[in-house]
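Please read the structure below before turning to the comments.
Values quoted throughout were computed directly from the atomic coordinates according to the rules given, and no laboratory measurement underlies them. Predicted, not measured: the structure shown is a model, and the values here were computed from it. Here the Cβ is made from the backbone with ideal geometry for all residues, glycine too, and neighbour counts use every protein chain on show.
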Amino acid sequence: MNQTLTPVIKNLLIINGLIWLAQIVFAKQGYPLEIYGGLWSFDTGNFKVWQLVTYMFMHEAIDGAGQIAFAHILFNMFALWMFGNILENVWGSKRFFTFYMICGIGAGLVQLFFQKDFGYAIGASGAIMGVMAGFVYLFPNTSLYIMFIPIPIKAKYVIPGFMLLDLFGSFAPRQGDNVAHWAHLGGAIVGLILVIIWNRSSSNRSNFY
């Protein structure tokens, strides 16, 4: 498959990176952008409808120790490039962008309605889980290498495994767990439903075997 950086992925990487840098600058000035762009739960009274879009372009910028946080955006952008680049090559830019945005908004809605008191959520993870779900539906037998596991594992086992971890985390959260598990699940479910609908009449659909 063509691994040239595709237009939507390139622009998403740039936009997420620029917003992350802006978050750092404004946070150091005492004006955290998360107040306006994060997805706030209904119970806070801070929810605004545009947050269903803006939250997916923001990431943790400053950690609890006041240091610049790299891990959140790096892992998300790597996953977006790894899986999204392939889907954009298959679908084209317009369809991929539509898919990405629907997954992100769907993830936010699931987070809002299934977890009432999460404060606020930020990150592209929900949309990216949708991208990963779309990838595993189309390419279930692609071998993936997972960190700390020395052998390749087929995508049809890896991505559902992530979803099961999020499902467990949703119902049995650990103390201090700040992961928006419901958003992850919501994005994956929306992505899976959407790709099934789009692919239902395809004659070259991949098989789960």
Where a Cα-Cα gap under 18 Å defines reach, which lysines qualify for Lys48, not counting those fewer than 8 residues away within the same chain? Lys116
For segment 7-20, Karplus couplings with θ = phi - 60° (6.51, -1.76, 1.60), whole Hz, Gly/Pro x: x, 5, 4, 4, 5, 5, 4, 5, 4, 4, x, 5, 5, 4
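Report relative contact order for the chain in percent, whole number only (criteria: Cα-Cα under 8 Å, sequence separation at least 6). Show your work: numbers first, answer last.
Numbers: 303 pairs, mean separation 47.9, N = 209.
Relative contact order, the chain: 23 percent.
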Name the long-range amide H neighbours of Lys154: under 5 Å, sequence gap of 5 or more, or other chain; modelled H, no Pro or chain starts. Leu144
Can you tell me the 0 to 90 degree angle between the C-alpha axis of helix 93-114 and the longest principal axis of the chain, rounded to 10? 50 degrees
For n ≥ 4 DSSP H runs only, could you compute -39500 (n - 2.57) per run for the chain, divide by its residues and tell me the 222 nm figure to the nearest 500? -18000 deg cm²/dmol
For the pair Lys28 and Ile153, how long in nm is the line joining their label points, each one 7 Å along Cα→Cβ? 3.9 nm
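Within 10 Å of each residue's Cβ, count the other Cβ atoms and sort Thr6, Thr98 from fewest upward.
Numbers: Thr6 21, Thr98 14.
With the fewest neighbours first, Thr6, Thr98 line up as Thr98, Thr6.
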Work out the FRET efficiency for Met82 and Leu164 from their Cβ-Cβ distance, taking R0 = 25 Å, and round it to the nearest 0.05. 0.75
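When Lys and Arg each count +1 and Asp and Glu each count -1, what net charge do the other residues less than 10 Å away from Glu88, Cβ to Cβ, add up to? Numbers along the way, then the final one.
Values: positive: Lys10, Lys94, Arg95; negative: none.
With Lys, Arg at +1 and Asp, Glu at -1, the net is +3.
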Between Thr44 and Ser93, what length comes free when the chain is fully extended (0.36 nm per residue of separation minus the Cα-Cα distance, one decimal in nm)? 14.0 nm
To the nearest 20 debye, what is the magnitude of the charge dipole of segment 63-161 about its Cα centre, counting +1 on the Cβ of each Lys and Arg and -1 on the Cβ of each Asp and Glu? 300 debye
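Rank these for me by crowding, Ser41, Ser125, Ser143, going from fewest to most other beta carbons within 10 Å.
On the way: Ser41 17, Ser125 26, Ser143 10.
Fewest to most other Cβ atoms nearby, the residues stand as Ser143, Ser41, Ser125.
Quote the charge dipole size of the chain about the Cα centre in Debye, to the nearest 20; the model charges only the Cβ of Lys and Arg (+1) and of Asp and Glu (-1).
On the way: 11 positive and 8 negative charges, 131 e Å.
Approximately 640 debye in magnitude.
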Per-residue HN-Hα couplings for segment 133-144 [Karplus 6.51, -1.76, 1.60; θ = phi - 60°; Hz; x = Gly/Pro]: 5, x, 5, 5, 5, 7, 10, x, 9, 5, 7, 10
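Assuming a viscosity of 1.306 mPa s and a temperature of 10 °C, what translational diffusion coefficient in µm² per second does Stokes-Einstein assign to the chain, Rh being the Kirkwood radius over Cα pairs? Write out the running numbers ahead of the final one.
Numbers: Rh = 17.6 Å.
Roughly 90 µm²/s, to the nearest whole number.
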Please name whichever of Ala127, Leu112, Ala61 sits farthest to the positive end of the charge dipole of segment 7-199, dipole taken about the Cα centre and charges placed at Cβ: Lys and Arg +1, Asp and Glu -1. Ala127
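Using the per-residue mean of other Cβ atoms lying within 10 Å as a proxy for protection, in what order, highest first, do the peptides 12-23, 52-63 fall? List each step's numbers first, then the result.
Details: 12-23: 16.5, 52-63: 20.6.
Descending packing order for the listed peptides: 52-63, 12-23.
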For Lys156, counting only lysines whose alpha-carbon sits under 28 Å away and dropping same-chain residues fewer than eight positions off, the answer is Lys10, Lys94
